1. Tally the residues that are without any contact (Cβ under 8 Å) to a residue 40 or more places away in the chain and either more than 15 Å from GLY28 (Cβ to Cβ) or among the aliphatic types (A, V, I, L, M) (or both), restricting the search to region 62-73.
2. If we scan region 51-68, do we find a residue that is over 16 Å from GLU38 (Cα atoms), in contact with a helix residue (DSSP H, G or I) (Cβ under 9 Å, 6 or more places away or on another chain) and surrounded by fewer than 14 Cβ atoms within 10 Å (Cβ to Cβ)?
3. Limited to region 39-50, what total is found for residues that are loosely packed, with under 10 Cβ neighbours inside 10 Å and either hydrophobic (A, V, I, L, M, F, W, C) or touching a residue at least 12 places away in the same chain (Cβ under 8 Å) (or both)?
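No lab work stands behind these numbers, since they all come straight from the coordinates. The structure presented is a predicted model; accordingly, all values stated were derived computationally and were not measured. Note: ideal-geometry Cβ built from the backbone for every residue, glycine included; neighbour counts use all protein chains shown.
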Amino acid sequence: MSETQEQGGDRADTAGAGSEQGEPGELGYEQARDALMEVVRRLETGGTTLEESLALWERGEVLAKVCQRWLDGARARLDAALAAEEEGGQR
């Protein structure tokens, strides 16, 4: 498994809220971001029970962490590439 595949690795069961979109740990950045936007839309729209709202909130928290891990991984890759470029240019 590559480093980028490992970046999204958090799993959580949130009472099935949005589970048709895949487990959070299996999602790429764009998929997790889109799922998070859908969670936010559903919460903002209202019309859900307290239990459903809590499950959505929990899923949103997990999805936000998945997105942050992907972004952190991308930043680390960029930093490494820039450092390697700098190192090569100093010789």
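1. Within region 62-73, the subset without any contact (Cβ under 8 Å) to a residue 40 or more places away in the chain is 63-64, 67-68.
If we keep only those that are either more than 15 Å from GLY28 (Cβ to Cβ) or among the aliphatic types (A, V, I, L, M) (or both) too, we end up with 63-64.
Residues in region 62-73 being without any contact (Cβ under 8 Å) to a residue 40 or more places away in the chain and either more than 15 Å from GLY28 (Cβ to Cβ) or among the aliphatic types (A, V, I, L, M) (or both): 2 in total.
2. Within region 51-68, the first condition is being over 16 Å from GLU38 (Cα atoms), and the residues that meet it are 51, 68.
Subset that is in contact with a helix residue (DSSP H, G or I) (Cβ under 9 Å, 6 or more places away or on another chain): none.
Looking for residues that are over 16 Å from GLU38 (Cα atoms), in contact with a helix residue (DSSP H, G or I) (Cβ under 9 Å, 6 or more places away or on another chain) and surrounded by fewer than 14 Cβ atoms within 10 Å (Cβ to Cβ), one finds none in region 51-68, hence no.
3. So the count comes out to 1.
Here is a yes/no grid of residues against (1) among the aliphatic types (A, V, I, L, M); (2) assigned to a helix (DSSP H, G or I):
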{"site": "THR48", "(1), (2)": "no, no"}
{"site": "SER53", "(1), (2)": "no, yes"}
{"site": "LEU56", "(1), (2)": "yes, yes"}
{"site": "ARG59", "(1), (2)": "no, yes"}
{"site": "ALA64", "(1), (2)": "yes, yes"}
{"site": "LEU71", "(1), (2)": "yes, yes"}
{"site": "GLU85", "(1), (2)": "no, yes"}
